[in-house]
Amino acid sequence: MATASVAFKSREDHRKQIELEEARKAGLAPAEVDEDGKEINPHIPQYMSSAPWYLNAERPSLKHQRKWKSDPNYTKSWYDRGAKIYQADKYRKGACENCGAMTHDSKACMERPRKVGAKWTSKHISPDEKIETFELDYDGKRDRWNGYDASTYSRVIERYEARDEARRKFLKDQQLKKLEEKNNNQNGEDGEAGEAGISDEDDDEDDLRVDEAKVDESKQMDFAKVEKRVRTTGGGSTGTVRNLRIREDTAKYLLNLDVNSAHYDPKTRSMREDPLPDADPNEKFYGGDNQYRNSGEALEFKQLNIHSWEAFDKGQDMHMQAAPSQAELLYKNYKVIKEKLKSQTKDDILEKYGNAATEGELPRELLLGQTEREVEYDRAGRIIKGQEKALPRSKYEEDVYINNHTSVWGSWWKDHQWGYKCCKQIIRNSYCTGAAGIEAAEAATDLMKANIARKEATEETPTLLEEKRVATWGTEIPDDLVLDEKLLAEALKKEDQRKREEKDERKRKYNVTWNDEVTPEQMEAYRMKRFQRDDPMNNFPQH
């Protein structure tokens, strides 16, 4: 209820007010009327229908929900285009220096710049423009067509009609010219075979050429057709398409009005099952959506989707919606490879087992199940005569001789080694040498045994060679060599100094004298100070 009174009500009055509101909502009581005599919708919530206290509304009303603060200054009028208000005779101070109008300056002048402005000539003074200022409301500022004069569009229509009229006139003149040429060719005496063929080609071209006037009439007829908007997922529209559905067709949900018949989904406009399953198939126009889903290219498209899913699960990077061309190409390659593999498998089976359909007559033994071969059995059922007992064969190759051997590998055994019996060789890939190889192997064995026995008999202890002391420079040290103890001590000191200089180059002098002569004491000092890597006492500390 749209009441603004917040006076205190008793419990009984409040209950009556609630009952009245419920009756108004149910349509049992008349709706409440506002100040202007308009009915108030009883379903409007109270927080919307109740007027604020500061408005002091005496009667129920919805004026507080409307724009009741209207500004009288707002207008929807527009500028008077091209209107002039005053035409001056001479130049006025402060007017435009170019045209002489008072309503703008020279920078904003829209006239062509004069060679000598109106300020200096006082001639051809332009009239003053009519300047208006409007205070537009919110909608007026954003109105794209504000101030547009619809009568100006008639000039566009007239221009297009004049163009169409000129085009029709031109085509009519062309047709008249062709008819005159045709009549002249038929009346002429020289126009026989060649000209007759040319005229026939021209007639065909005239018949094939579409009359533009008829096309225009067909376009005008198209305006009567029903068109619908094409909505996209983004919410916009891509244009209009004609609704090609014939209006005489019965809707699928009206084919069978039985409640228990095929279900119709109004949201997707689909009916999967057949609405008339008992009707004659030759007379039925619609048999359910499943009829189209299980026929035509729908099955192939379903197989394409299944193939893309299975390929993606197996790790192949393909997606039916992201790259449909790639998925279709891979599916075609898959079908080609599958057919090749199937035909190859079939050929292998036929090659191995044969094809009974293409073979000739079967043997008579197989057809009749009997032969003329005589087999004799004893009382126990054992074969006595007529058929030898077949020995069981293993899965390995038997009686295969390689490298000219006459026996198989493993037919000879000696000293825990297998070999060939024909040549007594223990190397498997060896070439057979026969009896000569056996004799040569035995002779080599006897000779080796004789050499071992002779060596054991003549074996003696080897003589120890005396170690000779060799000098460092390559000559033997004589036994009568006598070293001077003082010179040897000096040589040892020099050798220590030389080694320290090698470790620390900062102690080396700039002027170094070199002497190639080496004394025996120096060689002995070098030999004593030399680092022996093979000496086991090197790792022990020296005191």
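The values are calculated or read from the model by the stated rules, or taken from the named source; none is laboratory data. Please read these numbers as outputs of a predicted model, since none were measured by experiment. Counting neighbours? That spans all protein chains shown, and the Cβs are built from the backbone with ideal geometry, glycine included. For the accessible areas, the whole protein counts, side chains as well, though only heavy atoms, and no ligand, DNA or RNA atoms are used. Shrake-Rupley method; radii C 1.70, N 1.55, O 1.52, S 1.80 Å.
Here are some notes:
- The range 400-455: C-alpha gyration tensor shape, a/c 1.5 cut-off, then a/b vs b/c: prolate
- Over the range 11-65, the reciprocal of the mean inverse Cα-Cα separation, the Kirkwood hydrodynamic radius, stands at 12.2 Å.
- Computed with a 1.4 Å probe over protein heavy atoms only, the accessible surface of the range 297-352 comes to 85 Å² per residue.
- Protein accessible area in the range 11-65, 1.4 Å probe - carbon and sulfur %: 51 percent
- Spin-label pair Ala450-Gln174: with each label point 7 Å from Cα along the Cα-Cβ axis, the two points sit 12.5 nm from one another.
- Globularity ratio of the range 297-352, using Cα Rg and 2.2 N^0.38 Å: 1.38
- Efficiency of FRET between Lys314 and Arg272 - r from beta-carbon atoms, R0 25 angstrom, step 0.05: 0.20
- Residues in the range 9-24 reached by a label modelled at Gln65 [backbone nitrogen below 17 Å; 7 Å Cα→Cβ]: 21-22, 24
- For the range 43-149, the list of GluC sites (Glu not before Pro) that fall in a loop by DSSP and count at most 11 other C-beta atoms within 10 angstrom reads Glu58, Glu132, Glu135.
- Annotation for Lys84 and Lys342: the two label points, set 7 Å from Cα along the Cα-Cβ direction, are 9.1 nm apart.
- Normalised by 2.2 N^0.38 Å, where N counts its residues, the alpha-carbon radius of gyration of the range 261-386 equals 2.15.
- For the set Ser407, Ser295, solvent exposure ranked by accessible area (probe 1.4 Å, protein chains only) runs largest to smallest as Ser295, Ser407.
- Rolling a 1.4 Å probe over the protein heavy atoms of the range 260-343, with every protein chain left in place, gives an accessible area that is 53 percent carbon and sulfur.
- Using a Förster distance of 25 Å, the FRET efficiency for Ala441-Asp399 (Cβ separation, nearest 0.05): 0.45
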